[in-house]
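Have a look at the structure below before the remarks.
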Amino acid sequence: MAQHLVARVEDVPPGTTKRVQIAERPPILLCNVKGTVYAIEDVCTHDGGALDQGELEDCTIMCPRHGAFFDVRTGAALTLPAVTPVRTFSVHIENGEIRLET
């Protein structure tokens, strides 16, 4: 698997998200939960809407279109109308750089 440099730690302060792109892949959403950065595919599995416009609250993000919640640590769909998890990516941080394994 390849590692891709996508951002710096200071680009994603605790409690915030940042949408990033790797080549021709779907967008990825970085989510900083109390200093730990997680990465999920930025696409709601219910209707394909972008999650980056939703609110990050603790370790969950809400899809702004229909209100489905996802756990950003595991990708699990927590509430209807979503039932399928979002894809997650391994995050590696070294020297302030955020790298994703894809």
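Taking the alpha carbon gyration tensor of the stretch 5-65, multiplying each eigenvalue by 5 and rooting it gives semi-axes of 18, 16, 7 Å, largest first. For the stretch 14-33 and the stretch 73-91, what is the centre-to-centre distance using only Cα atoms, to the nearest Å? If we compute the Cα centre of each part, the gap is 14 Å. Across the chain, Cα-Cα pairs more than 24 Å apart make up 16 percent of the total. Residues whose amide H falls under 5 Å from that of GLY49, counting only those 5 or more places apart or on a different chain, are CYS44, with hydrogens built in the peptide plane.
Let's see if you can work this out: charge +1 on each Lys and Arg Cβ, -1 on each Asp and Glu Cβ, no other charges. What is the dipole magnitude of the chain about its Cα centre, in debye to the nearest 20?
Details: 9 positive and 14 negative charges, 17 e Å.
The dipole of the chain has a size of about 80 debye.
For the chain, what % of the accessible area comes from carbon and sulfur atoms, probe 1.4 Å? So the carbon and sulfur contribution to the accessible surface is 48 percent. Largest GNM mean-square fluctuation among GLU24, GLU41, GLU57, using the chain with Cα springs under 10 Å: GLU24.
Entry comment: accessible area of the chain is 54 Å² per residue, from protein heavy atoms only and a probe of 1.4 Å.
The values are calculated or read from the model by the stated rules, or taken from the named source; none is laboratory data. Worth saying up front: this structure is predicted, and the values here are computed from it rather than measured. Note that we place each Cβ from the backbone using ideal geometry, even for glycine, and neighbour counts take in every protein chain shown. Remember, those area values only see protein heavy atoms, side chains included, never the ligands or the DNA or RNA. Shrake-Rupley method; radii C 1.70, N 1.55, O 1.52, S 1.80 Å.
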